[in-house]
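Below: the structure, in structure tokens.
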Amino acid sequence: MMIFKKQIPRRTFLRGMGATLALPLLDGMVPAFATAAETSKSPLRLGIVYSGNGMWPMDQWTPKTEGADFELTPVLKQLAPFQDRLLVLSGLAATQAFPIEGDGGGEHSRATATYLTGVRPKRTDGKDIHVGISMDQIAAEQLGKETQLKSLEVSLFPSDLVGTCESQYTCLYISTLCWRSATTPLPMERIPRALFERLFGDTDSTDKAARLARIHEKRSILDWVARDVTSFVKDIGPSDRAKITEYLEAIRDIERRIQLAEEQSDREVPTLERPVGVPASYEDYAKLMIDLQVMAFQTDLTRVITFSLAREMAADRAYPEIGINEIHHSLSHHQNKPDAVEKLLQINLYHMKMFAYYLDRLKSTPDGDGSLLDHSIILRGAALSNANIHQHDNLPLLLTGGGAGWIKGRRHVRYPDGTPLTNLYLAVLGKLGLPVEKLGDSTGKLDPLSV
């Protein structure tokens, strides 16, 4: 018997007029005589999802019992469909965020800066910033060798703050979670159009005029690669054709949502030559940015993404969609007032709803022999528990995803109080194939998380 199967290169791109369209994993990208192991092989991704201003009341987050098959708390109930791969972790602390003599205030600045680094930031309102490399960038440095983009840093809040934001701490410390080096912060992208074009615009092209023309003409990126799409689809099998059709429809939907957001905004940034409109609704905004991140994973453009649902000290974020008009940061300093605590709980539930959407999108996106969620390690957490007293220990943290079989879910694991959060990062980096021995304030890897 003779088998004729023209293998498609894993990194296949469709191009046209300053646009580049990466493709997801297709059946035709697997060799004709591949073994079962080769067929199922898929890269492992790292996703970090952050929420600022704590997680109070913590008894609505933390399961009452430890071990297997714990009862889901009110905040975690929205993750019921994913409980079989849900690992809740208690007792971990951001030890370098606690104040010492000379620190003054700066609780939110230290919380953000130390979250992924485990290093106390230098107190400065000038250019002499200093923290440490963040764990996502340690992963990106290695995993990024296989992808077009080393990592993505995504936020739903402005990251271009300047000057001093808190107690003589530069605003840079609360503007990002990600540090390429001790002195190099990475800006977090909040504009849907900018993120879209980073993924699908031709980053090697200097022809901005062509890309701008497409935007102004309200034409889809698919219109610009139409010839390549038509030619490519002719040569693939029915199963791959269905995958491509679904993928292209998702791209059109995202573009439509971006265009609608831009039509609602009159502002422009001349230096970037692109609209900066974002959806008026927080939920629409979050889902749009999540869908873009899922596509980045699906097309293997990157394997490391850090996503901030809520920034520390954000002075402009209320949630009128759920009937809350007070600012999130103000409510986090609740002074144990029942009304403020209840509203804070509703915000936490709302954020968890967005996280559940993220997990559902990963779970419903095929990847190799499973889904994107099967081949991901997702860390969800915050750098404060009770923001009213700036509590940096007993942090609200969970791991989920399949981790390629590593994460054993349905468990609540409690570690000794004060265990450095960075110990968890050492374990995660190890499972990503990066045997890091020391990160910030780490004292050693956590006990195996899969047993």
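Here, each number is a calculation from the coordinates, and none is a lab measurement. Note that this is a predicted model, so its numbers are computed, not measured. Positions of Cβ are backbone-derived with ideal geometry, glycine not excepted, and every protein chain shown enters the neighbour counts.
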Cα-based helix-to-principal-axis angle, 421-431 vs the chain, degrees rounded to 10: 20 degrees
Report the net charge of residues surrounding E342, where surrounding means a beta-carbon distance below 14 angstrom and charges are Lys +1, Arg +1, Asp -1, Glu -1. -1
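Rounded, prolate or oblate: pick one for the range 28-153, where a ≥ b ≥ c are the square roots of the eigenvalues of its C-alpha gyration tensor, a/c under 1.5 means rounded, and failing that, prolate if a/b is larger than b/c, else oblate. Present the calculation step by step, with values, prior to reporting the outcome.
Working: a/c = 3.25, a/b = 1.29, b/c = 2.51.
Oblate, since a/c reaches 1.5 and b/c is not below a/b.
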If one compares the long axis through the Cα atoms of helix 282-298 with the longest principal axis of the Cα atoms of the chain, the angle in degrees, nearest 10, works out at 60 degrees
Net +/- balance of residues flanking E66 in space, Cβ distance below 10 Å, scoring K and R +1, D and E -1: +3
State whether the range 251-391 is rounded, prolate or oblate according to the following rule on the C-alpha gyration tensor (a ≥ b ≥ c being the square roots of its eigenvalues): a/c under 1.5 gives rounded; otherwise a/b larger than b/c gives prolate, and the remaining case gives oblate. oblate
Residues with amide H under 5 Å from that of V49, placed H, sequence gap 5 or more: F307, L379, R380, G381
Cysteines of the chain without any disulfide-compatible partner (other Cys Cβ under 4.7 Å) are C178
What net charge do the residues around G104 carry, taking every other residue with its C-beta under 12 Å from that of G104, with Lys and Arg at +1 and Asp and Glu at -1? -3
Each residue of the range 249-261 in turn: what ³J(HN,Hα) in whole Hz from Karplus with 6.51, -1.76, 1.60 and θ = phi - 60°, glycine and Pro shown as x? 5, 5, 5, 4, 5, 5, 4, 4, 5, 5, 4, 4, 5
Compute the label zone of K337 within the range 300-321: residues whose backbone N is under 17 Å from the point 7 Å along Cα-to-Cβ. 318-319
Residue exposure sequence - V162, V278 - by fewest surrounding Cβ within 10 Å: V162, V278
Residues with amide H under 5 Å from that of V304, placed H, sequence gap 5 or more: L46, L152
Determine ³J(HN,Hα), in whole Hz, for all residues of the range 127-144 in sequence, where each value follows from phi through the Karplus function 6.51 cos²θ - 1.76 cosθ + 1.60 and θ = phi - 60°; x replaces Gly and Pro. 8, 7, 6, 6, 9, x, 5, 8, 4, 4, 7, 5, 5, 5, 4, 8, 5, x
